[in-house]
Amino acid sequence: MMSDAVPTPFSGPPPTSGEEEAPLYVRIAGDYAERIREGALSPGDALPPERKIAEIYGVSRVTVRRALEQLVLEGLIEQRQGSGTYVSQRLQQPLSVLTSFTEDVRARGMTPNSQFLDRAIGIATPEEAIGLGLKPGQGVSRIARLRSADGIPLAIETAAVVLDALPDPTVVTDSLYDVLSSRGMRPVRAIQRLSAVALDKRNAELLDVPPGSPGLYMVRVGYDAGDRPIEYTRSFYRGDRWDFITELA
């Protein structure tokens, strides 16, 4: 649907003394970005046509086009051929900040959901044992979930946690990190490895995409405040709905 939440043109604070005013297209993009991040524009909302935005701001359509291109680059909107411009339904996860799936989804104003595929204590696999620094045969709490946002399946996540951090995996009903936080054992840093994959038949069916669809595979080892590995998580993400972003200084 077309959103009526149109930004007030250039409603942000004026430049301070000695500070150059940003180009018009940057300021237009900033107005829309602020509305999206505040929730005034929701995922899937349609933006007005270029002509209408140009009228609102009193600028040329070339300037509007540059502003929209900026928002596309930031992953905030998507342009659909022959249809229009919409607030993006893709989710972004910053690689520079350690957050959970639940936190990422809620930050976008969406509702996270989980379908448990496995939630039990088991023997650590060789990969989990190496990642967590365990001896062969030691146990872990393992939680496998299909993660969704507003009913759209987005990721398959399997977490293995050392037993003294999570002795009973069934207590996790929503956010794993919330449970670990309550026990004073939430990871404070992590090492992540990300790679592109083609989703196999099982994962594709769970994520509601055709087999062979592009996906992202991530392995994360989370460390507590004492720099001890306590979480080994493997995740498959839908490539058409999820972006990982990083800031370079």
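No lab work stands behind these numbers, since they all come straight from the coordinates. What you see is a predicted model, and the numbers here were worked out from it, not measured in a lab. Note that we place each Cβ from the backbone using ideal geometry, even for glycine, and neighbour counts take in every protein chain shown.
Could you compute the FRET efficiency for THR125 and LEU206, with r as their C-beta to C-beta distance and R0 at 25 Å, rounded to 0.05?
Efficiency, from the Cβ-Cβ distance: 0.80.
Using a basic spin-label model with each label point 7 Å from the Cα along Cα→Cβ, how many nm lie between TYR217 and ARG183?
Between TYR217 and ARG183, the label points sit 2.8 nm apart.
Give the Rg/Rh ratio for segment 91-245, taking Rg as the radius of gyration of the Cα atoms and Rh as the Kirkwood radius, to two decimals. Display every interim value, and only then the final one.
Numbers: Rg = 14.9 Å, Rh = 15.8 Å.
Ratio value, two decimals: 0.94.
Can you tell me which of 71-78, 115-122, 152-159 comes out highest on packing, and rank the rest after it, using the mean Cβ neighbours within 10 Å? Show your work: numbers first, answer last.
Numbers: 71-78: 17.2, 115-122: 13.1, 152-159: 21.5.
For the peptides 71-78, 115-122, 152-159, the packing ranking is 152-159, 71-78, 115-122.
Which of the peptides 100-106, 81-87 is most tightly packed, and how do the rest follow, judged by the mean count of other Cβ atoms within 10 Å per residue?
Values: 100-106: 19.7, 81-87: 13.0.
Ranking, from highest mean packing down: 100-106, 81-87.
Using only the Cα atoms of segment 24-87, each taken as one equal point scatterer with no solvent, compute I(q) by the Debye sum, divide by I(0), and report log10 of the ratio at q = 0.15, 0.17, 0.19, 0.27 Å⁻¹.
-0.39, -0.51, -0.64, -1.33
Taking 35 Å as R0, compute the FRET efficiency from the Cβ-Cβ separation of VAL197 and ALA225 and round it to 0.05.
0.60
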